[in-house]
1. Check whether at least one residue in the stretch A:12-35 is hydrophobic (A, V, I, L, M, F, W, C), without any contact (Cβ under 8 Å) to a residue 40 or more places away in the chain and within 14 Å of chain B (Cβ to nearest Cβ), and report yes or no.
2. Kindly provide the set of residues from the stretch B:48-64 that are over 10 Å from the mean Cα position of the chain (by Cα) and either within 12 Å of chain A (Cβ to nearest Cβ) or within 26 Å of A:Pro79 (Cα to Cα) (or both), ordered by number.
3. Here is a list: B:Val11, B:Val40, B:Val28. Which entry is in contact with a Pro (Cβ under 8 Å, 6 or more places away or on another chain), of a type in the set (Val, Ile, Thr) and surrounded by 11 or more Cβ atoms within 10 Å (Cβ to Cβ)?
4. If a residue has to be assigned to a loop (DSSP other than H, G, I, E, B), at the interface with another protein chain (Cβ under 9 Å from one of its Cβ atoms) and of a type in the set (D, E, K, R) to count, how many in the stretch A:70-115 make the cut?
5. Could you say whether any residue in the stretch A:244-254 is open to solvent by less than 30 Å² (accessible area, probe 1.4 Å), over 16 Å from A:Ser29 (Cα atoms) and small (Gly, Ala, Ser)?
6. Test of understanding: among A:Arg67, A:Arg61, which residue is among the charged types (D, E, K, R), outside any helix (DSSP H, G or I), open to solvent by 50 Å² or more (accessible area, probe 1.4 Å) and at the interface with chain B (Cβ under 8 Å from one of its Cβ atoms)?
7. Can you find, within the stretch A:36-57, the residue that is nearest to the other protein chains (Cβ to nearest Cβ) among those that are open to solvent by less than 10 Å² (accessible area, probe 1.4 Å) and more than 13 Å from the chain's Cα centre (by Cα)?
8. Could you please let me know if A:Thr230 is surrounded by fewer than 15 Cβ atoms within 10 Å (Cβ to Cβ), modelled with pLDDT of 95 or more and part of a loop (DSSP other than H, G, I, E, B)?
Amino acid sequence: MASSEVAVGGAVDGALTEPLRIADQEFDSRLFVGTGKYPDNKTMVEAIRASGTAMVTVAVRRVDLDRTQSEGILFHLDPEEFFLLPNTAGCYTAEDAIRYARLGRAAGFNEWLKLEVIGDETTLVPDTQATIEAAKTLVAEGFNVMAYTNDDLVTALRLEDAGCVAVMPLASPIGSGLGIVNPYFIREIKRRCEVPIIVDAGVGTASDACVAMEQGVDGVLMNTAIATATDPVAMAHAMRLAIQSGRLAYLAGRMEAREIGIPSSPTRGMLD
Amino acid sequence: MSEPGIIQVQVNGKEREIQSGLSVHQLVESFDLDPKLIVVELNREILSRDQFDDVQISEGDAVELVHFVGGG
């Protein structure tokens, strides 16, 4: 057992080793990480390894032809080691997202996609209508669509109906680091959808990831929180532990919260 | 009009003059890129890698050469 893993007993024994199943694929980790914004590629690869993730997101972009040597991410990341999840980040219409999705699939690795259609430049919140529209087309084309969306129940249900293999509500805006702003909605989405729910975007530090998992969701996807930490490798490790911790706390069943104090020690047997 | 043997195309949004008669594969290699790591869209149609050798670039074509970069 690696030092980062926690020995468990009781009713949750095995909970940490139980794989997460999405569509026909099993993942050994409930943490999904992005590959953007790292200070350098070496740090990125070390951080991704430290996170223990089984799936990493990548973006589709034009090759910069004016550079002397291409610096695609596959020079640094081995697709044999990490399951690649191409995204449609930066797309503002269903049409563009579909175009990027097809380009990502043409790279030849898998049929998986993180669908993202942005609706607002300031907050980067998704255009949920365009996301549902794109999801329908892409599901029909055989993609396994993991859809990034708002923390909105109705949209989550519609994305599930559209055939998405996972629904990924945001914790808070992309890159904001604000953590979960609406845990109640996240819990309700988890309660009402049958497909896996992955909280995607907005996590700032380990406690945010832990809180997300404590809502009962199936996993968390993050990028900026790890990549822009002062020590990304250490933060990746912290996130790995936080995901495990939050998952266990959820399975363990938390105590009831009360707004008054209840003594932990016996009130009887006090000295006169 | 371009010189003989030279055609005008658009690659990744930029006008470029290239030799006529180049296959997609040759065009990709002319930029020092590994065809195995590149996805090519020609006039908005994605080409599969087994088309790279057979499809030739023509005057006025719009070519997009894309790959995976870091992203979240």
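The values are calculated or read from the model by the stated rules, or taken from the named source; none is laboratory data. Everything numeric in this text was worked out from a predicted model, so none of it was measured. We place every Cβ from the backbone using ideal geometry, glycine too, and count neighbours over all the protein chains shown. All accessible areas refer to the heavy atoms of the entire protein, side chains included, with ligands and DNA or RNA removed. Shrake-Rupley method; radii C 1.70, N 1.55, O 1.52, S 1.80 Å.
1. First, pick out the residues of the stretch A:12-35 that are hydrophobic (A, V, I, L, M, F, W, C): A:12, A:15-16, A:20, A:22-23, A:27, A:31-33.
If we keep only those that are without any contact (Cβ under 8 Å) to a residue 40 or more places away in the chain too, we end up with none.
Within the stretch A:12-35 (the criterion being hydrophobic (A, V, I, L, M, F, W, C), without any contact (Cβ under 8 Å) to a residue 40 or more places away in the chain and within 14 Å of chain B (Cβ to nearest Cβ)), the answer is no, since none of the residues qualifies.
2. B:Ser48, B:Arg49, B:Asp50, B:Gln51, B:Asp53
3. Numbers: B:Val11 fails: in contact with a Pro (Cβ under 8 Å, 6 or more places away or on another chain); B:Val40 fails: in contact with a Pro (Cβ under 8 Å, 6 or more places away or on another chain).
Only one candidate passes the filter, namely B:Val28.
4. Total satisfying the criteria: 1.
5. Scanning the stretch A:244-254 turns up no residue that is open to solvent by less than 30 Å² (accessible area, probe 1.4 Å), over 16 Å from A:Ser29 (Cα atoms) and small (Gly, Ala, Ser).
6. Values: A:Arg67 fails: at the interface with chain B (Cβ under 8 Å from one of its Cβ atoms).
Checking each option against the conditions leaves just A:Arg61.
7. Our first condition is that a residue be open to solvent by less than 10 Å² (accessible area, probe 1.4 Å); within the stretch A:36-57, this holds for A:36, A:44, A:47-48, A:51, A:55-57.
Now narrow it down to the ones that are more than 13 Å from the chain's Cα centre (by Cα): A:36, A:44, A:47-48.
Values: A:Gly36: 4, A:Met44: 7, A:Ala47: 12, A:Ile48: 11 Å.
That would be A:Gly36.
8. Values: surrounded by fewer than 15 Cβ atoms within 10 Å (Cβ to Cβ): yes; modelled with pLDDT of 95 or more: yes; part of a loop (DSSP other than H, G, I, E, B): yes.
So A:Thr230 passes the test.
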